[in-house]
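Only one structure is covered here, and it is reproduced in the block below.
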Amino acid sequence: MQKWSLKIKVLFPTTKKRETEVTLKPWALRGLICSGSVLFVFAVVAIVRYVSFEADRYSVRKLESENRKLKDEIAYLKKEAVNVNKMLNELFDANNRLRAATGLDPFPKEFLLMGKGGNIEELSMESKDEAEYLRQELDRLVNVAKFQLESFSEVSSKLEKDIHLREHTPSIMPIAGYYTSGFGMRRDPFTGMMSFHEGLDIAAPQGTPVVAPAAGVIRSVKWDQGYGLTIEIDHGLGIMTRYAHLLRARVSPGHHVKRGDIIGYVGNSGRSTAPHVHYEVRINDKAVNPIKYIIPPGIYYD
Ligand SMILES: [Zn+2]
């Protein structure tokens with residue numbers, strides 16, 4: 001078996017001529033290699049650990065800074081959530097006032113909680129898990145906002161319906177005049193027999209303007225032996241009005257009219273003893289007392 005040995009020439013820098021030869025025995029050589037390897041491994045481990053320690057320190061600093069930012073962000077969002085909550089409370093009250101004014105049932109204040117317990121006015125933000133609490137609170141606020149949006153749209157469509165109904169419901173006298181005959185049973189001035197008078201007779205000088213008592217569409221302008229020149233207005237919603245014994249019509253079928261628009265003039269046409277308008281209000285083609293559809297001036301019904 002061959003034995004290994006290492007010869008090292010050492011040159012002394014001061015005396016270049018002198019050389020010393022050191023011979024290493026195999027056991028010493030193995031020892032030297034072993035120690036070198038161990039040292040090398042230690043050095044590598046130390047370097048790796050140092051680098052990883054520095055990397056960790058960097059990560060910790062970065063996380064600490066991010067954490068501070070997130071805490072600030074959560075604090076800001078909490079403040080904003082409280083403000084939004086206050087605004088939604090005020091909107092809820094405004095919404096309820098509008099609901100009451102339009103005849104819709106107001107909602108109880110508990111609706112604002114949306115399944116959450118606690119005080120509605122001052123919702124506490126104290127919680128161990130602030131982010132989780134904030135998430136729940138924002139969910140609640142979004143639900144409250146959605147709920148109010150639906151309610152506002154309900155109020156808006158109710159208002160539109162009410163306005164339409166108000167505009168299309170007869171509410172004024174079609175002419176300025178005097179009642180000469182009311183709605184109901186009466187003795188017919190021509191036949192002397194008792195009969196049902198389906199309208200209201202209002203006397204006024206010939207040529208007095210006749211106005212539409214509500215918005216609608218002219219259904220017919222026609223001549224009738226009994227009623228003379230007659231105009232009918234379809235107001236929609238099953239409401240129809242009729243004006244008889246006219247002198248002249250100012251509209252033709254299909255015309256849209258608003259309350260107060262002149263449709264014709266008082267006359268004495270048909271079976272009539274003096275200038276007047278026979279005014280009828282019919283609901284689903286059944287005559288009703290027109291007096292109920294003449295609101296005295298100065299009185300407003302909501
Ligand atoms: Zn009449």
Checked the stretch 241-280 for anything part of a strand (DSSP E or B), out of contact with any Gly (no Cβ under 8 Å at 6 or more places or on another chain) and of a type in the set (A, V, I, L, M); matches are Ile262, Ile263
All but one of (1) touching a residue at least 40 places away in the same chain (Cβ under 8 Å); (2) farther than 24 Å from Thr230 by Cβ hold for Thr180; which doesn't? (2)
Flagged pairs (Cβ under 8 angstrom, 6 or more apart or on separate chains; first in the stretch 88-108, farther than 17 Å from Lys161 by Cβ; second of a type in the set (Ser, Thr, Tyr) and modelled with pLDDT of 90 or more) are Asn95/Ser151; Phe107/Ser151
Note on the stretch 183-234: residues without any contact (Cβ under 8 Å) to a residue 40 or more places away in the chain, away from the ligand (no atom under 14 Å from the Cβ) and part of a loop (DSSP other than H, G, I, E, B) are Gly192, Met193
Only one of these is under 30 Å from Leu141 (Cα atoms) and not aliphatic (A, V, I, L, M): Lys62, Lys79. Name it. Lys79
Tell me which residues, restricted to the stretch 90-113, are of a type outside the set (Lys, Arg), part of a helix (DSSP H, G or I) and modelled with pLDDT of 90 or more. Glu90, Leu91, Phe92, Asp93, Ala94, Asn95, Asn96, Leu98, Ala100, Ala101
Answer yes if at least one residue in the stretch 293-300 is surrounded by fewer than 20 Cβ atoms within 10 Å (Cβ to Cβ), farther than 15 Å from Leu200 by Cβ and within 14 Å of the ligand (Cβ to nearest atom), and no otherwise. no
Answer yes or no as to whether Asn83 is under 20 Å from Ala145 (Cβ atoms), at pLDDT 90 or above and surrounded by 12 or more Cβ atoms within 10 Å (Cβ to Cβ). no
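The values are calculated or read from the model by the stated rules, or taken from the named source; none is laboratory data. Bear in mind that the values here come from a model prediction, so they are computed numbers and not experimental data. Cβ atoms come from the backbone with ideal geometry, glycine included; neighbour counts cover every protein chain shown.
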